[in-house]
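Notes follow the structure.
The values are calculated or read from the model by the stated rules, or taken from the named source; none is laboratory data. Not measured: the values here are computed from a predicted model. In this analysis, Cβ positions are derived from the backbone assuming ideal geometry, glycine residues included, and neighbour counts consider all displayed protein chains.
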Amino acid sequence: MVMAESTEPLARILVVEDELDTAEVICDLLTNAGYEATSVESGEEALQYISRNYDLVVLDIKLPDMSGLEVLRRARSESYDQPMIILSGYGTGSDRVVALEDGADDYLSKPFSPEELVARIRAIRRRIEWSPRPPTRLVVRQLELDIARRIAFVRGQRVNLTPIEYAILAQLMRNAGHVVTHEELSRSVWGENFGSDYRILRVNISRLRQKIEEKDREPTYIITVPNVGYYIPLAR
Ligand code: CA
């Protein structure tokens, strides 16, 4: 039996490099290796493109408008979690630690052999494909959390939650259909040192209800179990 060869690219890769010759060499190489490669020349463009669907980013450290490390930090602070490989300037190795600490997945010093870059990309892709992927969306009835970006939607509308409110809601949604006790909920949000005063929890629950319930006095999502905790019913 002859299997038709897939025409789907292995992955979409964004190449951020202002030296056009280098960018072209890298893109040709990636295309030949079966990847779909797009190149941009500045940090600002990179940040616009990273927010679209790229599986991996190859990021030169020296860009005309900002450092590649700045692009890396800003992308990570926006919760873009694609793997990123930093390309350093010629003969400088000192940025390596900084890059890795700032969330780069790998680091290559110029000059590098094109094969080396492809080998690093393959290694990163294998690591990702083999590790279990955490869920990126959590949906319970009309509540939806975009976990990567920490955004909540209620009946399709985005709602602005504080980090604490988000953490409480996420914990209740992960356990939807089961009661989460005051203690479990507090521990998951505030850690071990929460004490046993649940007043702050109650205040936050009350604010959450105002934001997500149609009538916050008659909640259908966050239900109180007196003296025990709260739960979100799977069905109304
Ligand atoms: Ca450059």
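Of the residues V71, V57, only one is touching a residue at least 24 places away in the same chain (Cβ under 8 Å), among the β-branched types (V, I, T) and farther than 20 Å from A11 by Cα; which? Don't jump to the end; show me each part of the working.
Numbers: V57 fails: farther than 20 Å from A11 by Cα.
The match here is V71.
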Filtered residues of the range 144-198 (kept if surrounded by fewer than 13 Cβ atoms within 10 Å (Cβ to Cβ), among the polar types (S, T, N, Q) and in contact with a helix residue (DSSP H, G or I) (Cβ under 9 Å, 6 or more places away or on another chain)) = N160, T162, S196
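Given the options D65, D21, name the one that is part of a helix (DSSP H, G or I), within 12 Å of the ligand (Cβ to nearest atom), charged (D, E, K, R) and outside the structural domain of D146 (by TED's automatic domain parsing). If you could, list the steps in order and put the result at the bottom.
Details: D65 fails: part of a helix (DSSP H, G or I).
Answer to the check: D21.
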Residue check, S79 more than 12 Å from the ligand (Cβ to nearest atom), surrounded by fewer than 20 Cβ atoms within 10 Å (Cβ to Cβ) and farther than 19 Å from R120 by Cβ = yes
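Rundown of residues vs (1) farther than 23 Å from Y49 by Cβ; (2) away from the ligand (no atom under 16 Å from the Cβ); (3) modelled with pLDDT of 85 or more; (4) among the β-branched types (V, I, T), yes/no style:
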position	(1), (2), (3), (4)
E70	no, no, yes, no
A75	no, yes, yes, no
S94	yes, yes, no, no
A99	no, no, no, no
L108	no, no, yes, no
V118	no, yes, yes, yes
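Pick from the range 4-18 the residues that are part of a loop (DSSP other than H, G, I, E, B) and surrounded by fewer than 19 Cβ atoms within 10 Å (Cβ to Cβ): which of them is modelled with the lowest pLDDT? Spell out the reasoning first.
At the first step, the residues of the range 4-18 found to be part of a loop (DSSP other than H, G, I, E, B) are 4-11, 17-18.
Cutting the leftovers down to surrounded by fewer than 19 Cβ atoms within 10 Å (Cβ to Cβ) gives us 4-10, 18.
Working: A4: 42, E5: 47, S6: 46, T7: 51, E8: 55, P9: 65, L10: 76, D18: 95.
Result: A4.
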